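Enquirer: The structure follows.
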Amino acid sequence: MLININAKDVKNIKGVKEEDNDGGSGKEDNEPTQKSFYNNMKYKFIDLEKLETKEKNKDIFFNKEVILPPESKRIERKEYDEIIISSMKDNKMDGMKRTKNNKMNYYTSPEEIKLIHINELPEWTHEVFSCVNITKLNPIQSKVYDVAFNKYEENMLICAPTGSGKTNIALLCILNVINSYRLTSGNINRKDFKIVYISPMKALVNEQVQSFNLRLKCMNIKVSELTGDVNLSTKELDDSQIIVMTPEKFDVISRKWNEKILLHKIKLIIFDEIHLLNEMRGNVLESIIARINRYMDNTMVYDMGDVADGSSGGIRGKNKDANRYNNNDDKKNDDNNNDDKKNDDNNNDDKKNDDNNNDDDDNYNGGGVNSVRQNKYGENHISIRRKKIRLVGLSATLPNYEDVGIFLRAHIERGIFYFDHSFRPVQIEQHYIGIKEKKGIKKYALMNELTYEKVLEEAGKNQILIFVHSRKETYRTSKLLIDRFMKSDNLSKFLIDKKISSEILLSEKEHVINEELKEILPFGFGIHHAGLKRLDRKLVEDLFSDRHIQVLVCTSTLAWGINLPAHTVIIKGTSVYNINIGDFDELSSMDVLQMVGRSGRPQYDKSGKAIIITDHKNLQLYLSLNNEQLFIESTLLHNIVNIINAEIVLKNIQNMDDAMNWLEHTYMYIRMLKCPSLYGVIINSNDKIKGIEEFKDIIDMNNKTKKHNNNNNNNINGGNNNNNNNINGGNNNKNKL
């Protein structure tokens with residue numbers, strides 16, 4: 001696919017050289033296939049396939065030099081190198097800190113934060129926390145409480161380590177919306193709002209639905225799952241207040257904004273693991289956030305406010321009467337939706353004013369009152385404002401969190417929160433082992449030997465999770481370890497309470513269905529993967545949770561689906577077969593973070609240990625990932641043609657101006673301004689990047705090509721179309737009669 005570049009407007013942009021991984025300039029690719037057509041256009045070309053190849057190369061997504069804490073250790077051996085990073089609490093990693101923006105909510109010490117007790121929250125929220133034995137918010141939750149629970153108008157980005165309680169922050173934002181629809185009687189207008197929770201994996205959706213249903217049962221809030229495996233009827237959707245779905249499912253639904261009144265009721269969208277933007281699936285997430293932001297910018301709604309405080313909308317709790325006026329009557333909502341369509345022409349004028357509003361903090365979140373009618377007594381008034389949906393992003397720690405916050409339209413001073421690794425409830429000692437051997441059999445043997453040595457260090461002391469990447473490998477690794485420990489007479493160490501654990505394991509062995517699991521279970525070893533029967537999986541989980549199983553070899557399904565932490569986590573290899581490319585690929589950053597996040601048990605341990613065994617060439621990648629130095633880049637170019645075509649079909653893009661406006665709403669645009677060469681755009685060092693006009697080469701504007709093809713098709717089919725029109729015209733006239 002070729003991207004058109006206006007050579008007149010973009011004089012300094014050159015084609016991308018295929019072998020240049022840094023986006024350097026090279027010989028221009030300006031020989032299109034359809035010479036007769038393209039030669040008449042004043043355009044240069046960039047090859048999307050080349051950019052896509054660059055994008056798939058993960059080497060460009062992390063720093064070539066990783067800054068490690070001063071007390072880190074490096075052990076060099078002939079077969080491998082090992083890097084050990086002590087727990088973050090002991091090592092503040094001052095060398096890694098970027099220059100802190102004093103306006104940023106950037107925190108490095110949990111001790112500085114005053115904890116909020118649950119009894120300080122409104123009484124109607126207490127049961128939401130007491131049902132899971134939470135008596136106070138942790139430091140992260142306490143710091144964001146005021147913005148999350150009290151300030152609906154603020155979009156948010158919370159960057160915090162895995163396992164630091166970000167789900168409770170999402171719950172505070174959910175309670176904020178519920179509070180807005182609570183009547184003075186305590187009842188809730190449940191039909192007037194919807195909340196969407198975007199979960200990164202189908203494996204997590206069901207777990208989150210069950211958790212939210214348990215926590216919000218006291219308010220009769222219904223939480224439903226909507227994935228490719230589970231569909232909901234219109235009535236079920238209407239009866240649900242919270243809908244948990246994957247980005248792909250929301251992408252399908254959000255393409256039908258005008259057909260579903262349901263979508264007009266959405267007040268809050270929570271994006272869990274928003275660092276998914278960096279994955280190949282991230283282009284879907286990026287496209288739906290851009291679509292939501294443009295939808296809000298172009299949709300006007302009627303609302304009521306309180307003149308006394310200058311409020312712009314009835315979403316706040318103090319404007320409950322306004323909410324009832326605006327939301328209770330479905331027919332009124334339908335009328336408002338019809339009026340919204342009439343305001344489409346006015347929306348075009350709003351687009352022209354966008355540039356003037358960019359520097360205005362009051363309009364930063366796309367909120368803003370457009371017109372107000374009020375009386376002199378300061379009574380409730382009707383106003384017309386832009387559609388407001390609160391966006392909340394939950395993310396792991398990442399270096400360019402400001403960029404992601406800007407993409408979510410979170411205010412730089414009030415809406416972006418960053419918490420480093422010292423906020424993790426259990427501090428982690430990290431071990432990175434880079435194997436130098438390149439031959440497959442020798443590499444596998446060395447990997448097994450290293451796994452044996454690391455397990456032996458923890459034998460009799462701590463429980464261990466070993467992540468492998470196939471079902472067969474779970475048994476193969478378990479059997480290999482048992483044989484090695486049996487030869488060295490160390491096998492008995494894996495039964496902490498020998499008598500009790502032995503009796504329990506031998507007793508439970510009789511109930512096991514899987515023969516491989518039945519063989520290894522008496523030795524204190526277990527396996528866990530999706531191929532096991534549900535009863536076997538549940539038995540293994542219970543025995544590991546009760547500390548009878550000491551070593552559990554599992555696949556990544558355990559990292560995503562079940563909260564089953566251990567003191568020590570070993571990731572045995574990072575290469576996994578990818579059916580989409582028909583070759584081996586590296587584990588996604590999200591998978592690795594999730595696996596590492598299983599190390600350390602808050603109820604038992606003060607510290608944990610994470611060990612990653614990988615190829616030597618990938619050490620930089622995983623060091624960057626787990627030490628806050630892996631930049632989150634856009635993957636939009638990977639699927640930009642299909643995404644733009646979808647926007648064209650939705651009539652969100654109808655001309656060049658629409659396309660450029662759409663580009664401004666993407667995360668790619670934000671990153672492109674900061675790192676243009678990564679996205680195939682070369683600007684001379686003397687030039688300053690002023691805005692969107694310098695980047696018209698990035699949008700796939702095949703409009704002229706399509707018009708050219710359409711004109712040919714029209715010439716061919718013109719006669720037929722005219723005949724059809726004559727026939728249909730007669731029928732239409734008959735119908736009118």
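Enquirer: Can you pull out the GluC sites (Glu not before Pro) in region 492-535 whose DSSP state is coil and whose Cβ has at most 16 other Cβ atoms within 10 Å?
Expert: Those that pass, being in a loop and sparsely packed, are 510.
Enquirer: Whole-Hz Karplus ³J(HN,Hα) for region 267-282, in order, using 6.51 cos²θ - 1.76 cosθ + 1.60 and θ = phi - 60°, x for Gly and Pro?
Expert: These are the phi-based 3J(HN,Hα) values: 10, 8, 10, 10, 9, 7, 6, 5, 5, 4, 3, 7, 8, 5, 6, x Hz.
Enquirer: Grab the Cα-Cα distance for residue 127 and residue 513, subtract it from 0.36 nm times how many residues apart they are, and report the gain in nm with one decimal.
Expert: Difference between extended and current length: 134.9 nm.
Enquirer: Okay, next question. By the scheme Lys and Arg +1, Asp and Glu -1, what is the net charge of all other residues having a beta-carbon under 12 Å from that of residue 207?
Expert: Net charge around residue 207: -1.
Enquirer: Now a separate question. Which order do peptides 126-137, 401-412 fall in by mean Cβ count within 10 Å, highest first?
Expert: 401-412, 126-137
Enquirer: Next question, about the same structure. For residue 578, enumerate residues with amide H under 5 Å from its amide H, sequence gap 5+ or separate chain, H modeled in the peptide plane.
Expert: 583, 584, 585
Enquirer: Shifting gears a bit: Listed here are the pairs 498/518; 487/617; 454/572; 487/533; 202/265; 114/267; which of them are more than 22 Å apart at the Cα? Could you put the intermediate results ahead of the total?
Expert: Values: 498/518 18 Å; 487/617 34 Å; 454/572 11 Å; 487/533 32 Å; 202/265 24 Å; 114/267 30 Å.
As for pairs spanning more than 22 Å Cα to Cα, those are 487/617; 487/533; 202/265; 114/267.
Enquirer: Can you list the HN-Hα couplings for region 115-120, worked out from phi with the Karplus curve (6.51, -1.76, 1.60; θ = phi - 60°), rounded to whole Hz and with x for Gly and Pro?
Expert: With coefficients 6.51, -1.76 and 1.60, one gets 7, 9, 7, 4, 5, 7 Hz.
Enquirer: Each residue of region 128-139 in turn: what ³J(HN,Hα) in whole Hz from Karplus with 6.51, -1.76, 1.60 and θ = phi - 60°, glycine and Pro shown as x?
Expert: 3J(HN,Hα) across region 128-139, in whole Hz: 4, 9, 5, 5, 10, 6, 9, 9, 8, 7, 6, x.
All of the numbers you see were taken from the coordinates with simple rules; none came from a lab. All of these numbers come straight from a predicted model, not from anything done at the bench. Glycine gets a Cβ as well: all are built from the backbone with ideal geometry, and neighbour counts include every protein chain shown.
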